[in-house]
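In what follows, a structure is listed as C-alpha cells, so that the remarks can point back to it.
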Ligand code: HEM
C-alpha cells in the first residue's frame with residue numbers, strides 16, 4: 001500500500017517536472033523568435049515563492065558553477081535591478097534581452113526607442129495580475145486597465161488641479177522652513193536624510209490634497225497627542241504599511257494579527273489604524289457632501305470621495321466602489337510622497353558630496369531671488385526660471401541617476417511589432433511580460449556619456465552611480481523625453497509630475513538660499529588622516545559615493561535608509 005502510494009507520488013512528480021521542462025523549452029523557442037539574446041531562467045522574478053525564499057536559496061545557488069547560474073540569477077533579484085543598472089545589457093551585448101522561464105517569458109529592455117513604444121502601443125498593457133498588491137483595500141488607478149483605468153484616472157487627475165500648484169509651492173516653503181527649525185533642535189545634524197524628506201513630502205501632499213495639515217511635533221517624543229481610539233499616528237501608520245506592504249499582501253489579515261512576531265503585530269496595528277484614518281478622511285468629506293460635490297475645483301480626496309458617493313461628479317466618471325475609494329486615497333498618498341521624498345533625499349546627499357554644484361545653485365538663487373522674503377517668491381516666474389536653470393539641471397540629473405521608479409512592468413496582449421534603436425524590426429509574442437528597465441535606460445552609455453574616470457578609480461568607488469552625476473549635461477536642454485523617463489511616458493505618465501517638480505524646486509531653493517549641506521568628517525576619519533581636514537574630507541566623499549550604491553535599498557521605490565549623516569550649515573554672508 002505504502003509502496004504503491006510512493007510510486008504514484010514519484011510518477012506524479014516526474015510527470016510534473018517533465019511538463020515544466022517541456023513548457024520551458026517551448027517558451028525558450030518562442031522567445032528566440034523575437035530576435036534578441038535569450039537565456040534560460042528557472043524562476044520568474046515576481047513569483048511569490050521566489051520573492052519570499054530567494055534570500056535563502058541564493059547563497060546555495062552561488063555555490064554552483066557560474067555556467068549554471070549566469071546570467072539568470074542576477075536578473076531574477078528584483079531588489080537589485082537598480083544596482084545592476086546597464087550591466088546585464090552590457091554583458092548580453094544588447095539593449096534588450098529575453099529570459100525564458102517554465103511559466104512565462106520576460107523581455108528586459110533599456111533601449112529608449114523600444115521603451116517609448118511599450119509605453120504607447122495599444123497591444124501593450126499594464127499586467128494587472130502582477131500589481132494586485134496595491135489592491136489591499138480595492139482596485140486603484142495603478143492596478144487596473146482599459147475602461148476601468150480611464151475611470152480611475154479621470155477621478156484622480158481631476159483632483160490634481162494645476163490651480164493648486166501655488167499652494168504646493170507655498171506649503172513646501174512653509175514645511176521646509178519649519179523643518180529647518182526642527183533640525184536646529186538636533187544641532188543641524190541630519191543622520192538619515194530620507195526619513196525627513198519623506199515626512200516633508202507627506203506633509204505637503206496631505207495638507208494640499210487631503211485637507212489634513214501636519215507639523216513636526218509628531219517626531220518630538222512626548223509632544224504628539226494621538227486622536228482618540230488610535231494606537232499609532234497617521235505618519236507612523238502609513239510608513240509602517242509601506243515598509244511591510246508585502247507582508248500585508250501575502251499574509252491573511254486574521255493570521256497577521258495572531259502571529260507572535262513584533263513586526264506582524266506592528267504591521268497589523270498600522271494597517272487597522274491607517275484604514276480608520278482614511279475612513280475618517282472620507283467621512284469628513286461625506287459630512288459636507290452637498291457643498292463639496294458642487295465645487296468646481298476639488299482636491300484629490302474630494303474628487304475620490306464624491307466619485308464613491310451617490311452625488312453626481314463633475315468628472316463624468318462612473319461610481320467608484322468603497323474599496324476603491326480607500327484604495328485610491330492610499331495609492332495617491334503613497335505615489336505622491338514616497339517618490340518625491342526619496343528623490344529629495346538623493347538630491348541632498350549628492351549636493352553634500354559635490355559642493356561645487358551647491359555653489360552654482362546658490363549663485364543662481366541669489367541672482368533670481370535676491371533678498372526677497374520667501375513669501376514674495378513667485379510660484380510661476382521664479383519657479384520657471386529656477387527649473388530651467390542650474391537647480392532644474394541638478395534635479396533632472398538626480399532623477400536620471402537615482403530614478404526612484406527604477407522599473408515598470410507591461411504585458412503584450414497580442415503579437416507586437418517593435419523597432420529597436422538600430423532600426424531593426426522585432427515581433428514580441430503575445431503574453432510576454434516586459435520589464436522596462438528605467439535604471440538601465442538612464443545609465444545606458446549609448447545614450448548618456450559617462451564621466452571620464454579610469455576603470456581602477458571606478459572599481460575603488462564600487463562603480464557607484466554617483467560617479468556619473470553631471471548636472472552640466474542638462475544646461476540649456478529640455479526634458480529630452482525621447483530618452484528620459486523618470487515620470488514614465490504616454491497615457492499612464494505620472495499625473496503628479498508638475499506637483500513633484502514644483503515641490504522639489506521649492507524645497508531646495510528654500511534650503512540652499514540660507515544653508516549649505518556638508519558631509520560630516522567624523523573624529524575617527526580625521527585622526528586616521530593625521531588631523532588633515534582636506535584628506536579626511538576626500539575620504540568621506542569617497543565613502544559617501546560608495547554608500548550611494550552599496551546602501552541603496554529597494555522597497556516599492558529605491559531609497560537610502562541607512563545613516564549617512566549630513567550637517568546643515570548657515571551660509572556666511
Ligand atoms: C519625483 C516624484 C515622482 C516620480 C519619479 C514619479 C514617477 C511615476 C511613474 C514613473 C509613474 C508611471 C508608472 C507607469 O507607467 O506604470 C507614475 C504614476 C503615477 N504617479 Fe507619480 N511620480 C512622482 C510623484 C508623484 C506625485 C507627487 C503624485 C501625486 C500627487 C503622483 C501620482 C501618481 C499616480 C496617481 C500615478 C498612476 C498613474 C496611472 O497609472 O494612470 N506621482 N509616477
- Item | Packing rank of 446-452, 280-286, where each peptide gets the mean count of other beta carbons within 10 Å, highest leading | 280-286, 446-452
- Message: Order 247-257, 205-215 from most to least packed using the mean count of other Cβ atoms within 10 Å.
- Response: 205-215, 247-257
- Item | Cα pair distances exceeding 24 angstrom across the range 66-218, given as percent | 60
- Task: Evaluate the relative contact order of the range 75-131 (contact order divided by residue number), counting alpha-carbon pairs under 8 angstrom at least 6 apart; express in whole percent.
- Result: 19
- Assuming R0 = 25 Å, can you tell me the calculated FRET efficiency for the pair residue 3 and residue 66, based on Cβ-Cβ distance, to the nearest 0.05? 0.05
- Can you tell me the Rg and Dmax of the chain, counting just the alpha carbons, in angstroms? 25.1, 91
- Note on the structure: Mean separation of Cα contacts under 8 Å (at least 6 apart) over the residue count of the chain, i.e. the relative contact order in percent, is 22
- Note to self: C-alpha centroids of the range 339-371 and the range 200-274 sit apart, in Å, by 31
- Projected onto their principal axes, the Cα atoms of the range 2-139 stretch, largest extent first, over whole-Å spans of 59, 43, 31
- Cα gyration tensor of the range 466-573 - equivalent ellipsoid semi-axes, whole Å, descending: 33, 18, 14
- Note on the structure: Largest-first semi-axes in Å of the equivalent ellipsoid built from the Cα gyration tensor of the range 254-407 are 39, 26, 13
- Query: Looking at the P(r) of the range 138-197, how many percent of alpha-carbon pairs lie beyond 17 Å?
  - Reply: 61
- Message: If I stretch the segment between residue 33 and residue 417 completely, what's the gain in nm (0.36 nm per residue apart, minus their alpha carbon distance), one decimal?
- Response: 137.0 nm
- Two-site FRET efficiency, residue 163 against residue 218, from Cβ-Cβ distance with R₀ of 30 Å, rounded to 0.05: 0.55
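Coordinate-derived values only; no laboratory data. Model, not experiment: these values are computed from the prediction. Cβ atoms come from the backbone with ideal geometry, glycine included; neighbour counts cover every protein chain shown.
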